[in-house]
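Each remark here refers to the structure printed beneath this line.
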Amino acid sequence: MNLSGSSIALRIIVAESDKIHGRPLYEEIVKKARELNLAGATVTRGIMGYGGTSRIHTAKVMRLSEDLPVTIEIIDEMEDLDKLMPFLEENLHDGIVYMSHCDVKVYRYKK
């Protein structure tokens with residue numbers, strides 16, 4: 001895969017506790033992205049955040065939370081990212097999905 005120049009960064013923010021059929025939603029999103037041959041995906045666990053409910057989730061020692069915000073980031077071309085949208089629309093019940101334009105300078109991987 002050759003990814004360079006103008007691309008799209010897709011970011012999906014969900015709760016760590018969100019599930020699909022008993023499995024973490026973020027894991028299922030990454031598996032679906034791989035199945036669709038998207039360029040790659042990274043999951044990052046937040047240390048603090050809040051969403052639509054305004055309830056604060058934090059990783060402070062005294063408040064061990066297993067419901068922290070999780071961001072899945074995928075950078076690829078728009079037509080490839082669009083293939084993931086039906087899966088997200090069907091399975092994302094709480095969270096946010098947004099895209100922004102980015103300029104890929106280097107994308108390398110060993111075969």
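The values are calculated or read from the model by the stated rules, or taken from the named source; none is laboratory data. Remember, it's a predicted structure, so these values are computed and weren't measured experimentally. Here the Cβ is made from the backbone with ideal geometry for all residues, glycine too, and neighbour counts use every protein chain on show.
Can you report the number of residues in the range 85-105 which are without any contact (Cβ under 8 Å) to a residue 60 or more places away in the chain and out of contact with any Lys or Arg (no Cβ under 9 Å at 6 or more places or on another chain)?
We begin by selecting, within the range 85-105, every residue without any contact (Cβ under 8 Å) to a residue 60 or more places away in the chain; these are 85-87, 89-90.
The next check asks that each one be out of contact with any Lys or Arg (no Cβ under 9 Å at 6 or more places or on another chain); those that pass are 85-86, 89-90.
Going through the range 85-105 one residue at a time, the tally reaches 4.
Here's the yes/no breakdown for (1) surrounded by fewer than 12 Cβ atoms within 10 Å (Cβ to Cβ); (2) at pLDDT below 95:
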site	(1), (2)
SER7	no, yes
ALA15	no, yes
GLU28	no, no
TYR50	yes, yes
ARG55	yes, yes
VAL61	yes, yes
ASP82	no, no
ASP94	no, yes
Item to check | the range 30-45, subset under 17 Å from TYR98 (Cα atoms) and touching a Leu at 6+ places or on another chain (Cβ under 8 Å), residue surrounded by the most Cβ atoms within 10 Å (Cβ to Cβ) | outcome: ALA33
Checklist entry - Which of the residues that make up the range 1-51 are assigned to a strand (DSSP E or B), in contact (Cβ under 8 Å) with a residue 24 or more places away in the chain and over 17 Å from THR71 (Cβ atoms)? => result GLY5, SER6, SER7, ILE20
